[in-house]
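This report refers to the structure that appears directly beneath it.
Nothing in this text is a laboratory measurement; each read-out follows from the coordinates by a stated rule. All of these numbers come straight from a predicted model, not from anything done at the bench. Positions of Cβ are backbone-derived with ideal geometry, glycine not excepted, and every protein chain shown enters the neighbour counts.
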Amino acid sequence: MSHPGPNPRATTADAPSDELVLAAIERAARHRARDTPAVPVWAIFEHLAVPQRSAAARRVRERLEALRADGQLERSRRHGVVTWALSGTGLRHLRLARRAGGVPALPQSPQHLAWQVAHTAGAQEIERFRASLRERLDEAALLLDAREPPHSDVWLELAEELQRACRRVASASHCLNEWAEPDDERADVDELLDPGDVELDPTQRARRRARRAGRRNIRLWNDASGL
């Protein structure tokens with residue numbers, strides 16, 4: 001499976017073809033994994049790697065309206081948000097264009113970019129996170145050996161620091177070693193499940209899933225965050 005490099009950003013001169021717009025809507029719907037094939041315009045922009053406030057985005061909006069007028073797209077509203085979906089005519093057009101080799105390659109998908117960024121960040125940060133955790137453990141050992149018992153608040157504060165340090169190591173380790181490179185043929189959703197979970201009873205399985213929440217969110221690695 002090959003992917004382009006980091007998302008190329010469209011220039012003001014770019015005007016995506018009808019086939020590329022249809023393909024972007026199709027992939028956006030597949031990756032959102034919702035109960036509807038309809039997607040908001042911002043998701044279409046993401047899959048086309050088009051900045052939302054740009055001349056290229058205005059051209060995409062124009063193509064959406066033209067494709068709707070041509071019967072290839074359906075426009076609706078979901079929770080007050082305008083959404084777009086391929087009609088039967090649009091699906092047939094896209095299928096025929098693919099057979100004829102007339103569909104340009106889409107830019108790197110948002111879900112693959114998210115994996116790539118997290119995987120790279122995990123490789124860059126895991127040793128720093130491990131060193132930070134080791135420092136907290138050394139601090140705990142010194143407190144345990146102290147002649148004068150430390151105040152309970154010292155232990156409570158260290159407990160919070162240890163939890164953050166352990167969770168950052170766990171998150172970086174998951175992103176680097178356990179999060180498989182996504183396949184664009186399906187949505188990449190973290191179900192918070194691992195194969196060994198089938199051996200656990202329901203209570204243990206629920207606790208483990210709860211602990212895994214946020215393990216792919218590298219924004220929580222910030223020292224000021226609650227990870």
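Taking the centroid of alpha carbons for each part, segment 146-180 and segment 52-81 are 48 Å apart. Measuring nothing but how far apart in sequence close Cα pairs (under 8 Å, 6+ apart) lie, relative to its length, segment 18-107 scores a relative contact order of 37 percent. Taking 124, 163, 204 as the candidate residues, the one with maximal mean-square fluctuation in a Gaussian network model of the chain, Cα springs under 10 Å, is 204.
Highest first, please rank the peptides 153-160, 92-99 by the mean number of other Cβ atoms sitting within 10 Å of their residues. Write out the running numbers ahead of the final one.
Working: 153-160: 11.6, 92-99: 14.6.
Packing order, densest peptide first, comes out as 92-99, 153-160.
Note on residue 151/residue 222: beta-carbon distance plugged into 1/(1 + (r/R0)^6) with R0 of 30 Å gives a FRET efficiency of 0.60.
Entry note, the chain: relative contact order of 21 percent, from Cα contacts under 8 Å with a spacing of 6+ residues.
With the chain treated as a Gaussian network of Cα nodes joined by springs under 10 Å, which of 142, 133, 86 yields the largest mean-square fluctuation? Comparing 142, 133, 86 in a Gaussian network model of the chain, the most mobile one is 142.
Per-residue ellipticity at 222 nm computed for the chain from its helices equals -17500 deg cm²/dmol, with DSSP H segments shorter than 4 residues left out and the rest contributing -39,500 (n - 2.57). Each residue of segment 77-82 is assigned a 3J(HN,Hα), and the resulting list reads 10, 10, 6, x, 9, 5 Hz, derived from the Karplus form 6.51 cos²θ - 1.76 cosθ + 1.60 (θ = phi - 60°), x at Gly and Pro.
For segment 18-107, the spread of Cα coordinates along the three principal axes comes to 36, 28, 26 Å, biggest extent given first. All C-alpha to C-alpha distances of the chain, sorted into 10 Å bins beginning at zero, yield P(r) values of 7, 24, 25, 19, 13, 7, 3, 1, 0 percent in whole numbers.
By the combined test of axial Cα extent (at least 24 Å) and Kyte-Doolittle hydropathy (mean at least -1.0), the qualifying DSSP H helices of the chain come to 110-145, 152-173. Largest GNM mean-square fluctuation among 77, 167, 216, using the chain with Cα springs under 10 Å: 77.
For segment 111-221, the relative contact order works out to 41 percent when only alpha carbon pairs closer than 8 Å and six or more residues apart are counted.
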